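Peer 1: Here it is, the structure, as structure tokens.
Throughout, read-outs are computed from the coordinates displayed, never taken from laboratory work. It should be emphasised that the depicted structure is a prediction, and the values quoted were computed from it without experimental measurement. A quick note on method: Cβ atoms are made from the backbone with ideal geometry, for glycine too, and the neighbour counts reach across all protein chains shown.
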Number of protein chains: 2
Amino acid sequence: MGEFELLAKLRERLPAAGPRIALGSGDDAAVTVPGGATATSVDAIVEGVHFRRDEAALATIGRKALATALSDLAAMGAEAGEAYVVLGAPSDLDEDGFHALLDGILERARATGTAIAGGDLTRAPVLTLAVTVVGHAPAPSAFVSRGDAVAGDLLVLTGEIGGAAAGRLLLDDPSLAAAVSEDTAARLRARQLDPSPRLRSGRALARAGARAMIDLSDGLVGDAAHLAGASGVGLEIDAGSLPLAKGLVEVAAAAGRDPLQLAVAGGEDYELLAALPADALGEASLRMGEAAEATLTPIGRVAAGAGVEVRLPGGGRLEAVGYDHFAEP
Amino acid sequence: MGEFELLAKLRERLPAAGPRIALGSGDDAAVTVPGGATATSVDAIVEGVHFRRDEAALATIGRKALATALSDLAAMGAEAGEAYVVLGAPSDLDEDGFHALLDGILERARATGTAIAGGDLTRAPVLTLAVTVVGHAPAPSAFVSRGDAVAGDLLVLTGEIGGAAAGRLLLDDPSLAAAVSEDTAARLRARQLDPSPRLRSGRALARAGARAMIDLSDGLVGDAAHLAGASGVGLEIDAGSLPLAKGLVEVAAAAGRDPLQLAVAGGEDYELLAALPADALGEASLRMGEAAEATLTPIGRVAAGAGVEVRLPGGGRLEAVGYDHFAEP
């Protein structure tokens, strides 16, 4: 089957145009009518760097490709709008494989209200998905950047962290799964392979007045440092308050690793870290409850100065060390 | 040097925000304020599939990546706005290499009024560039799709065709260059390695009332078939009227190839094919003259029916055969 036939078949599966789409996939470009301001982000995942086909089903890989891109929109407090997918396909990807990838992409798109408005298909030596996502808001000021945290703000975190790192350990050494229940092991592996973008949480925090926000792809300390640098502030994180993923402590112990290190440096949790005016915590908690997507935990504060300090419960500071991500070539 | 340091260095080279950009590269997403309707397209080029590093300088590869993406906006009659670049970098690409790629991207961006508003950097087994481009118009109706050609329209073509195919032959067999002047050979190779998006031409044709338009990436007959299919019409092309690239006939003869086949099936010329109301040719020619980018040639007409027919000067039809593009793996 030629590229055009395959493209036509895949295109048939895309839903009819979304609310802002005047002309969908299949022309030289998709035409949209944005109603205010847009936030646009691109994110690529590459086989052997970000995923392995022997670890995750193709549908899961498709879901992750869209999810990690949408996570950046969540961190802006944006409403998800359109996505454009570049698929670099190795020669061993057959027609069923294309459809399985699209299954995953469309599933995540439906769940988040995202319209797949276009794409490109090319040969590539390894499976590569580059996803562009466009989010919307009535005006630029409704988006939350990384750069406006001020001293005195509270630092809050959605959900739990360290789960993706524990999942990575479980995938690399299945014998570690004996340390936790089957259910917990499955949930930790899913944190690594099948992350969820916190879109509803991001909008809830934006509406509650979050001044700065970032999603955790590189790890709490690394991403916090990006936020601190962009805002020109220092961040103090109370290690004792961190919401550790269920099972992290047990898996880390079985692997001989420090669970706190995995939590602060493990990355790929795709939770949101936000700086919030101290008096907005009540409203933020309320709106997070309405969003019904993840918990909200105060984990520290914004201070004058620079950099990120992780304070240990017994006094002293944690020195976050680099965590070896999977298979960097 | 780590990914973040390199990203920061590359980001420093991006110009300050463009006219529609409220928040540029470096945050979770770029924020723009589109003024009406947007046209968005994604296009990827992959080493070994679309280019070879031993044939083209890195700056040229960067220019081509942006140019081929922008060509889709040209085919919509859009004004170029923003671009987002995913760079998949193999381990042998050093810091100078990154800067050279960015040189090319920025050069093409400046020449077309495009703002590089964001991007992503990842490791990849071969050099991969996936470019998303966003173009603008006051309203969706100002864009030209592929689907509105009607019987009786004129078919017009910008510039010359077959040049990229001749360039491909010259690159594959340098001895063929003896058939033409050095200058002509260089120009043909540049048609293959360093195409120009016809953005001013696309806008000129849109303003002159073009009803349907497409850019020639796959080849005249193939792309004409896409336009015919989308519009539900047939297209008649007069082979004798085709504007063949200077030197094509000589290079084809030296290679034992049919120049007309290379012109209609060679692809990668990135010229524009448009369907124009017959009484709009005068205005289109005038506006193309003002755009001062490429010639405009009537090459046939839109008819009832379906498919694409290439009529030979002596009577009879040309059967367009597939042209072997470079290095499909």
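Peer 1: Give the calculated FRET efficiency between A:Ala186 and B:Ala190 to the nearest 0.05, with a Förster radius of 60 Å applied to their Cβ-Cβ distance.
Peer 2: So, using R0 = 60 Å, E works out to roughly 0.60.
Peer 1: Please build a GNM for chain A, connecting alpha carbons under 10 Å apart, and tell me which residue among A:Gly81, A:Gly147, A:Gly256 fluctuates the most.
Peer 2: A:Gly256
Peer 1: Using a 10 angstrom cutoff on alpha carbons, build the Gaussian network for chain A and name the most mobile of A:Gly300, A:Gly266, A:Gly48.
Peer 2: A:Gly48
Peer 1: Near A:Lys246, which lysines are there with a Cα under 24 Å away, not counting those fewer than 8 places off in the same chain?
Peer 2: Partners within reach: A:Lys64.
Peer 1: Could you state the angle between the C-alpha long axis of helix A:95-112 and the longest principal axis of the C-alpha atoms of chain A, as a value from 0 to 90 degrees rounded to the nearest 10?
Peer 2: 50
Peer 1: Taking the Cα centre of each part, how many Å lie between the range A:1-76 and the range A:204-282?
Peer 2: 28
Peer 1: Here is a further query. To the nearest 500 deg cm²/dmol, what mean residue ellipticity at 222 nm is calculated for chain B from DSSP H runs of n ≥ 4 alone, each contributing -39,500 (n - 2.57), summed and divided by the residues?
Peer 2: Theoretical 222 nm ellipticity from helices: -10500 deg cm²/dmol.
Peer 1: Regarding chain B, what are the three Cα extents along the principal axes, ordered largest first, in Å?
Peer 2: Cα spread of chain B along its principal axes, largest to smallest: 64, 50, 32 Å.
Peer 1: Can you give the angle from 0 to 90° between the axis of helix A:220-231 and the longest principal axis of chain A, with both taken from C-alpha atoms, to the nearest 10?
Peer 2: 90
Peer 1: Same structure again: Quick one: Karplus J couplings for the range B:298-311, per residue in order, coefficients 6.51, -1.76, 1.60, θ = phi - 60°, nearest Hz, x for Gly and Pro?
Peer 2: For the range B:298-311, the Karplus-derived couplings read x, 10, x, 8, 8, 10, 5, x, 8, x, 10, 10, 9, 8 Hz, x marking Gly and Pro.
Peer 1: I would also like to ask the following. Setting aside same-chain residues fewer than 8 positions from A:Lys9, which aspartates and glutamates have a Cα under 14 Å from its Cα?
Peer 2: Reachable aspartates and glutamates: A:Asp94, A:Glu95, A:Asp96, A:Asp103, A:Asp120.
Peer 1: A follow-up question, please. Ignore the peptide's own chain and count Cβ atoms of other chains within 10 Å of each Cβ in B:119-129; give me the average, rounded.
Peer 2: Per-residue shielding by partner chains comes out at 6.
Peer 1: Hey, in the GNM for chain B with a 10 angstrom Cα cutoff, which one of B:Ala254, B:Ala228, B:Ala22 fluctuates hardest?
Peer 2: Looking only at B:Ala254, B:Ala228, B:Ala22, the biggest GNM fluctuation is shown by B:Ala22.
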